[in-house]
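Reading through the structure tokens given below for one structure.
The values are calculated or read from the model by the stated rules, or taken from the named source; none is laboratory data. Note that the structure is predicted; figures quoted are calculated from it, not measured. We place every Cβ from the backbone using ideal geometry, glycine too, and count neighbours over all the protein chains shown.
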Amino acid sequence: MAKYTGADCRLCRREGCKLFLKGERCLTKKCAFERRASVPGVHGQARKKQTEYSLQLREKQKVKRAYGLQEKQFRKYYDRAENMRTGIVGENMLSLLERRLDNVVYRMGIGASRAESRQIVSHGHITVNGKSVNIPSYEVKVDDVIAIKENKREKAMFKELKDVKVVMPKWLEFNAEKLTGKINALPGRDDIDLNIQEHLIIELYSK
């Protein structure tokens, strides 16, 4: 599947919920989903009866788009979760997605959106346990220390973090003064900030 290059707000409208792809804009009245929640296109206003398959497909697309993944990447997370010896497949899959470094940077409030956080990681602004990591899919572990590189901390976008208040999940901590954070635990099902029905995705892939 080719990379999506259209307007991010159309994805939220297509999935029928906010995916928070535009950062702070999603929390204002400028949010396209708030102004026009219908599905994009000339037939967006029409009511269509959704089949079981369409519900499952839309749920998968919603999660893929929220985390910014292509189908091949997403399927790998499902396969890994299915092969794990403990836990529930759906919850394991979401936990693996949450542990991506770009998502962790977003959840710590360093990036305003997952897309911006992915760019921050890719540009080499982040270290894990003192070592530079520029791979967005890097999987964090308990007790990992996430920080902004010393030589990057004078950038305006990072200086502004001291004045930003972020509602952070309990499995993470971030010190805005020192610009360092830590992974306190593995993310649980209650830590997911999106309304996801993961059982629909499992049903779709298990056919």
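Structure data summary
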| quantity | calculated |
| --- | --- |
| Qualifying residue in the range 179-200 (condition: in contact with a Pro (Cβ under 7 Å, 6 or more places away or on another chain) and closer than 17 Å to Y67 by Cβ) | yes |
| Qualifying position, being loosely packed, with under 12 Cβ neighbours inside 10 Å and of a type in the set (D, E), among D144, D163 | D163 |
| Subset of the range 166-193 [surrounded by 11 or more Cβ atoms within 10 Å (Cβ to Cβ) and of a type in the set (D, E)] | E173, D191, D193 |
| Single match in E139, E116, E91 (criterion: under 18 Å from Q197 (Cα atoms) and of a type in the set (D, E, K, R)) | E91 |
| Filtered residue count, the range 108-141, keeping only those that are touching a Phe, Trp or Tyr at 6+ places or on another chain (Cβ under 6 Å) and of a type in the set (S, T, N, Q) | 1 |
| Complete set of residues in the range 151-160 that are out of contact with any strand residue (DSSP E or B) (no Cβ under 6 Å at 6 or more places or on another chain) and surrounded by 14 or more Cβ atoms within 10 Å (Cβ to Cβ) | K152, R153, M157 |
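Yes/no matrix, rows are residues, columns are (1) within 15 Å of P169 (Cβ to Cβ); (2) touching a Lys or Arg at 6+ places or on another chain (Cβ under 6 Å); (3) of a type outside the set (S, T, N, Q); (4) modelled with pLDDT of 95 or more:
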| residue | (1), (2), (3), (4) |
| --- | --- |
| R99 | yes, no, yes, yes |
| V104 | yes, no, yes, yes |
| G109 | yes, no, yes, no |
| R114 | yes, no, yes, no |
| H123 | no, no, yes, yes |
| S132 | no, no, no, yes |
| I135 | no, no, yes, yes |
| Y138 | no, no, yes, yes |
| V142 | yes, no, yes, yes |
